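To start, the structure under review is shown below, and the notes come after it.
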Amino acid sequence: MDELLIIKNLKTYFYTDEGVVKAVDDVSLRINRGQTLCIVGESGCGKSITAMSILRLIPDPPGKIEGGEIIFEGKDLLKLSDDEVREIRGNKISMIFQEPMTSLNPVFTIGNQIIEAIMLHQKLDKKEATKKSVEALKLVGIPRAEEIINAYPHELSGGMRQRAMIAMAMVCNPTLLIADEPTTALDVTIQAQILDLMRKLKEETKTSIMLITHDLGVVAEMAEYVTVMYAGKVVEEADVIELFKNPKHPYTLGLLESKPQIHIDKEKLYSIPGQVPNPFNLPKGCYFFPRCERAMEICKEVMPTLKEVGNGHKVACHLYGGDNNE
Amino acid sequence: MQTVRSVEAKIREEKILGPWQLAWIRLKRNKLAMLGLYILIFMVLLSVFGPMISPYNMETLDLSNISAPPSLSHPLGTDEVGRDVLTRVMYAGRISLSVGIVAVLISVLIGSIVGAISGYYGGIIDAVLMRIVDIFMCFPFLPLLLMVAAVMSDYKIHPNYRIYVVMFIIGILSWPGLSRIIRGQILSLREQEFIQAAEALGLRDRRKIFRHLLPNTFSSIIVSATLEVAGAILTESALSYLGLGVTPPTPSWGNMVNAVTDAYVFQFYPWRWVPPGICIFITVMAINLLGDGLRDALDPKLKH
Amino acid sequence: MRQYITRRLLEMIPVLIGISILIFVIFQLAPGDAVSAIVDPKTSAETKAKLREQLHLNEPILVQYKYWVMDILKGQWGESFYYKQPVSRVINSFIWNSFYLSLASFLLSAILSIPIGVLSATKQYSKFDYIFTIFALIGISMPSFFFGLLLIKWFAVDLKLFPVSGMTNPGSTATGFALFKEVMHHMALPLIVLTLGSLAGLMRYTRSSMLEVIRQDYIRTARAKGLREKVVIYKHALRNALIPVVTIFGMSLPGLFSGAIITEQIFNWPGIGPIELQAVNTRDYPLLMGINMLLALLTLLGNLIADVTYALVDPRIRLK
């Protein structure tokens, strides 16, 4: 298969007053060309940090990428110079964020902010760039694009702003779009529209998407491949259909069970017991062990590793496969 | 299971820590703020107990030993009538610190009540009170203060009571800024759920304001008040330096620096005016350090 | 915009009335009346009574207030007891000296505070930041009169590098560039004192505003677009961070006229400061009232300027 991005053993740590937080701890994943990968997990599980690490946007201090490789189109992004990474940002890899309200600069017009990206990466003059940004706004379904280009962010609704963010991200035809919870802050109806738009753009441009979400509904709708993260680690990954049909890790099972479903009549909505572990005080064995209903003796002591269990399905849990001989 | 339990116990322990304890922990970690706190404690102890320990009385004249330079018996020398400068500086510290603190207490009292009433009731009451605040804030602080001080001086108040007048006028002229801060916070607090709950319980206004709303603004009151003490000490010293604040024979740091009006003292007897000046500077800086630290510790979002 | 300014000017009227009442009340609180202040004590009771009549001092207090306000509106700010001249003329002859000194300090602190504040914020916790944080702390904690005295002692009295006081040499007849040089030489020390305070405040303000801004999501967006760090900081961040700073500048414009009372007094700079202090000491109430009325007016104007500049630099604010 044609791999666009391979992350190998990525480690991103934060050095705080209270201690070291291993926000991303030995994470490996890959995205093929034209594929949509969803990273799922509760907030604080390291999914956003993984995404920010790809573009080297981790604020340093306190954050630092301590190890691993991020190979994009054959080059290790972690080995590039700052200038070379900047060439890639917003050009080959672009990113949209959770909060469309605060992610656009309030003092510049929408057009100004899109044109800036075009002029930077495509060496077009201002007139052409303006034309192109109007096209981009039209492409994401913004009406009256010629007027909106002169509008300030506060003059647009949340959905419109997120569309503008997407236009800004797509305008340089990236090969990878990283979307960090792009619909979380939006109303449900707007959410569906934005997801539709992303799917449509993906089909038209063959852009790969790395979609970060905590919402399994979004996963079911968008993903081709899914990675589940917990406390900075990948705990399970599989094809989307395989994962929904045949979830393995107790955490994934918990996530699926806690999702409300229309067809099934349940007395009470399930929720995973306990809370995300304190990052300064992680348990010795499996991080999920204190909350796991199927925990065994070994889980307390030994951290399970990610193992293939058939069908390209990988899981890090002692319940599957003889981890003991490790 | 041992480890699990201890982890859970730890998490629970962390949760028990109230916001004030957390703030204290954060403050303790801030070295500059702690430095400020220690200096401040030192200055307070020096002012309170110094004059008691000193072998000299601040008013005892010693005409055989006037304007003597610093020596072992008089570490900061003596003044034009032979009084020990160190003793007077320590005594002046009492005056300057207490003027600063009392003035701010007055200002906090008025400021938080006006701010709370204005923010809570809104409407006409708010409009009128805020216009009054506008009026006060339209005056550059010092000219207004000078004007009031001048009028007050005309009443020929006995020097021993001048200090109360100074406390009063600084306090009464510096509340508007604080009242605006409190009003803003009350306005946003009022929209929050717990106050809506209090509303639903049918609590009386006074109870809602003083029991539920104002306590939630304590952290900003404390930060503003701390920084205001620094300002009040500076104001008092300037006023006293100009001869319009605390007047001799009561010493204050400001009026001790006023000794420089004698050009000879200015040039040749620096021990008479430099130490009180340094005391003002050090004390104000310590309070500012502490105030900044408190702001960071209590509410990182608070901005000056 | 014009509509907004008109509305704001109208809103000023009640505040101005309040200010005039406050000033009037403060002076009514003063013991004795104006007549005993103007005339020497030997004047006959008859003359005094006549004067009282002229100054409407026998009328009820509200009527007196009315006369005073009418006079102010007519531009008659009364006559200074001390200078025996119209208050407006006294103010006019000193206010410009204050203006020169304050303007120089304003420009200097504006030019220095922004780059220092920005660098401190972008290099938070660096040595640079540390040094200027301490410097700013010293600046806001130093009593200006004490700092001024120290400077005079060291640089004027001991080292004789600068003149001790005044704006020109006594009996100076210099003109043109020579005069300018002479004034600059006199201005140096008061300028340092004045600038230390305002620079420290503005620096801290710029720094915290910038720190606030560089944490914002849109700065991350700007970085994710691939912009150079310089563009991110000096275009995207600074443009936002300056909004509150510019407002402060707007507000401090009237301060250019109100002078720096204490600094001017210490250096005997012939501005409005020493005049005001003198008026306080000689109980020259008409002059005091005039100065304070003018300062309050200027402050109101400054608030308006601040609000207008705010609206000009922040597209989110729409003036209605």
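When we measure straight from the Cα of residue B:156, which lysines land under 25 angstrom away, once same-chain ones fewer than 8 places off are left out?
Output for residue B:156: C:42, C:48.
For a 31 Å ceiling on Cα separation, which of these pairs sit above it: A:123/A:200; C:127/C:230; A:233/B:31; A:11/A:138; A:92/A:126; A:64/C:235?
A:233/B:31; A:11/A:138
Ignoring solvent entirely, what values of log10 I(q)/I(0) come out of the Debye formula for segment C:125-249 at 0.11, 0.15, 0.23 Å⁻¹ when each Cα is a single scatterer?
-0.60, -0.83, -1.24
Just A:64, A:233, A:284 to compare: in a GNM of chain A, with alpha carbon springs under 10 Å, which one fluctuates most?
A:284
Using helices alone, what [θ] at 222 nm do you get for chain B, with -39,500 (n - 2.57) per DSSP H run of 4 or more residues, divided over all residues and rounded to the nearest 500?
-23500 deg cm²/dmol
In vacuo Debye scattering of segment B:19-302, one point per C-alpha: log10 I(q)/I(0) at q = 0.10, 0.13, 0.16 Å⁻¹?
Once normalised to I(0) and log-transformed, intensities are -0.62, -0.94, -1.22.
With a 1.4 Å probe and all protein chains left in place, how much accessible area per residue does segment C:1-137 have, in Å²?
Roughly 62 Å² per residue, with all protein chains present.
Which residue fluctuates the most in chain B, going by a Gaussian network model with Cα springs under 10 Å, if the choices are B:293, B:202, B:231?
B:202
Suppose we keep just the alpha-carbon trace of the protein assembly as shown; what are its Rg and Dmax in angstrom?
34.5, 119
On a full-extension model of 0.36 nm per residue, what is the gain between residue C:84 and residue C:268, subtracting their alpha-carbon distance, rounded to one decimal in nm?
Here the answer is 64.1 nm.
With +1 on each Lys and Arg Cβ and -1 on each Asp and Glu Cβ, and nothing else charged, work out how big the dipole of chain B is about its Cα centre, in Debye to the nearest 20.
1020 debye
Run the simple label-point estimate for residue A:189 and residue A:278 please: 7 Å along Cα→C-beta, distance reported in nm.
4.6 nm
For segment A:1-131, what mean projected area does the convex hull of the alpha carbons give, in nm²?
10.1 nm²
Put a dot 7 Å past each Cα toward the Cβ at residue C:21 and residue B:160; how far apart are the dots in nm?
Between residue B:160 and residue C:21, the simple spin-label model gives 3.9 nm.
Between chains C and B, what is the buried accessible area in Å², counting both sides, with a 1.4 Å probe and ligands, DNA and RNA left out, to the nearest 100?
Protein heavy atoms only, the C-B interface buries about 4000 Å².
Hey, any idea what % of chain C's accessible area is carbon plus sulfur with a 1.4 Å probe?
66 percent
Given the convex hull over the Cα atoms of segment B:63-127, what projected area results after averaging over all orientations, in nm²?
Dividing the Cα hull surface by four gives the mean projection, 6.4 nm².
Given H placed 1.01 Å from N in the peptide plane, which residues other than close sequence neighbours of residue A:32 have an amide H under 5 Å from its amide H?
When sequence neighbours closer than 5 places are left aside, the close amide H contacts are A:4.
Can you tell me the orientation of helix B:19-29 relative to chain B, as the angle in degrees between its alpha-carbon axis and the longest Cα principal axis, to the nearest 10?
Helix B:19-29 and the main axis of chain B meet at about 50 degrees.
Write down the accessible area per residue of segment B:240-304 in Å², having rolled a 1.4 Å probe over the full set of protein chains.
For segment B:240-304, the solvent-accessible area averages 34 Å² per residue.
Short version: ³J(HN,Hα) in whole Hz for each residue of segment B:41-56, in order, from phi by Karplus 6.51 cos²θ - 1.76 cosθ + 1.60 (θ = phi - 60°), x for Gly and Pro, what are they?
Residue by residue, segment B:41-56 yields 4, 4, 5, 5, 4, 4, 6, 6, 9, x, x, 6, 6, 4, x, 9 Hz.
Around residue A:234, which amide H atoms from residues at least 5 apart in sequence, or from another chain, sit under 5 Å from its own amide H, with H modelled in the peptide plane?
A:28
Return the lysines within reach of residue C:66: Cα separation strictly under 21 angstrom, same-chain partners fewer than 8 residues apart disregarded; answer none if there are no such residues.
C:50, C:74
What ³J(HN,Hα) values, in whole Hz, does the Karplus curve 6.51 cos²θ - 1.76 cosθ + 1.60 give for segment B:248-256 when θ = phi - 60°, with x put for Gly and Pro?
x, x, 5, x, 9, 4, x, 6, 5
What does the structure give for B:146-156 when I average, per residue, the other chain Cβ atoms found within 10 Å of the residue Cβ?
Average per residue, whole number: 6.
What whole-number value in Å² describes the accessible area per residue of segment A:204-304 for a 1.4 Å probe?
50 Å²
In Å, what Rg and Dmax follow from the Cα atoms of segment C:1-150?
Rg and Dmax of segment C:1-150, Cα atoms, are 24.3, 75 Å.
With r as the distance between the Cβ atoms of residue C:312 and residue C:54 and R0 = 60 Å, compute the FRET efficiency 1/(1 + (r/R0)^6) and round to 0.05.
0.75
Apply 1/(1 + (r/R0)^6) to the Cβ-Cβ distance of residue B:45 and residue C:231, taking R0 = 51 Å, and write down the FRET efficiency to the nearest 0.05.
0.45
Could you tell me which of C:83, B:67, B:136 has its Cα farthest along the dipole of the protein assembly as shown towards the positive end, charges placed at Cβ (Lys, Arg +1; Asp, Glu -1), taken about the Cα centre?
C:83
For segment C:96-313, what ratio Rg/Rh do Cα atoms give with a Kirkwood hydrodynamic radius?
Across segment C:96-313, the Cα-based Rg/Rh ratio is 1.05.
What stretch of chain B, leaving out the sites themselves, is the longest with no trypsin sites (Lys or Arg not before Pro) in a DSSP loop having at most 14 other Cβ atoms within 10 Å?
B:1-155
Using every Cα-Cα pair within segment B:186-304, state what percent have a distance larger than 26 Å.
47 percent
Averaged over A:169-177, how many beta carbons belonging to a partner chain fall within 10 Å of each residue's beta carbon?
Taking all residues of A:169-177 together, the mean is 1.
³J(HN,Hα) across segment B:213-219 via Karplus (A = 6.51, B = -1.76, C = 1.60, θ = phi - 60°), whole Hz, x for Gly/Pro?
Running phi through 6.51 cos²θ - 1.76 cosθ + 1.60 with θ = phi - 60° gives 8, 4, x, 6, 9, 3, 5 Hz.
Would you list which lysines come within 29 Å of residue C:181, measuring only between C-alpha atoms, while excluding same-chain residues fewer than 8 positions from it?
Within reach: C:153, C:160.
When the accessible area of segment A:29-111 is computed with all protein chains present and a 1.4 Å probe, what percentage of it is carbon and sulfur?
47 percent
Would you compute, from DSSP H runs of 4+ residues alone, the mean residue ellipticity of chain C at 222 nm, taking -39500 (n - 2.57) per run and dividing by the full residue count, rounded to the nearest 500?
So the helix-based figure for chain C works out to -23500 deg cm²/dmol.
Show me the three semi-axes of the equivalent ellipsoid for segment C:88-171, from the C-alpha gyration tensor (sqrt of 5 times each eigenvalue), largest first, rounded to whole Å.
One finds semi-axes of 32, 19, 11 Å for segment C:88-171.
Counting other Cβ atoms within 10 Å, keep those with at most 16, restrict to DSSP loop, and tell me which trypsin sites (Lys or Arg not before Pro) in segment C:239-316 are left.
Passing both the DSSP loop test and the Cβ count: C:316.
May I have the convex hull volume per residue, in Å³, for the Cα set of segment A:62-148?
150 Å³
Taking chain B as a Gaussian network, where each spring joins two C-alpha atoms under 10 Å apart, which residue of B:117, B:163, B:66 fluctuates the most?
Among B:117, B:163, B:66, the largest mean-square fluctuation in the Gaussian network model of chain B belongs to B:66.
How crowded by other chains is C:226-236, given as the mean number of beta carbons from other chains within 10 Å of each beta carbon?
4
Mind checking the angle between helix A:126-139 and chain A's longest principal axis? C-alpha axes, 0 to 90 degrees, to the nearest 10.
Long axis of A:126-139 versus the principal axis of chain A: about 50 degrees.
Given the convex hull over the Cα atoms of chain A, what projected area results after averaging over all orientations, in nm²?
So the mean shadow area of the Cα hull is 18.3 nm².
If N is the number of residues in segment A:123-265, what value comes out of its Cα radius of gyration divided by 2.2 N^0.38 Å?
Dividing the Cα Rg of segment A:123-265 by 2.2 N^0.38 Å gives 1.23.
The values are calculated or read from the model by the stated rules, or taken from the named source; none is laboratory data. Worth saying up front: this structure is predicted, and the values here are computed from it rather than measured. Because the Cβ atoms are built from the backbone with ideal geometry, glycine has one as well, and the counts that use them run over all protein chains shown. Accessible surface is based on the protein model in full, side chains and every heavy atom, while ligands, DNA and RNA are left aside. Shrake-Rupley method; radii C 1.70, N 1.55, O 1.52, S 1.80 Å.
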